[in-house]
Amino acid sequence: MLMQGFADFMWLLSMALILFSGFALIDAATRREDAYRAADKKTKPFWLIILGLAFVVNLIFNILSFLPIIGLIATIVYMVDVRPALRGLPGGGRSTRRGSSSDGPYGPYNGGR
């Protein structure tokens, strides 16, 4: 009974770790590449590789092994250091365009006025 409860707890912990690293990977993928440089937090490909490896390691290995702990540390670093820095930028580091429909590539078009 006790061993089954421990196994269930470890399974839930493993699923939570997979979801946590998956969320961080998706969040990193949706941020603009130039936002990483503006926040001075390595590059987007660097974080995508690190978080992608963390996600895959969490899928493959048991939570009690060494590699998922390293992946957890990398995911925590992204979530508590990089993500807040990206969110602090104008636009939150997201790749959404907020402008008027009359904006051109060099700014707003004012009709020659």
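Label-to-label distance for L19 and A85 is 2.9 nm, based on points extended 7 Å past Cα in the beta-carbon direction.
Surface exposure of the range 14-86, expressed per residue as accessible area with a 1.4 Å probe, stands at 54 Å². If you sort D8, D40 by accessible surface, 1.4 Å probe, largest first, the order is D40, D8.
The values are calculated or read from the model by the stated rules, or taken from the named source; none is laboratory data. Predicted model only: the values in this text are computed from it and were never measured. Virtual Cβ from ideal backbone geometry, glycine too; neighbours counted across all protein chains shown. For the accessible areas, the whole protein counts, side chains as well, though only heavy atoms, and no ligand, DNA or RNA atoms are used. Shrake-Rupley method; radii C 1.70, N 1.55, O 1.52, S 1.80 Å.
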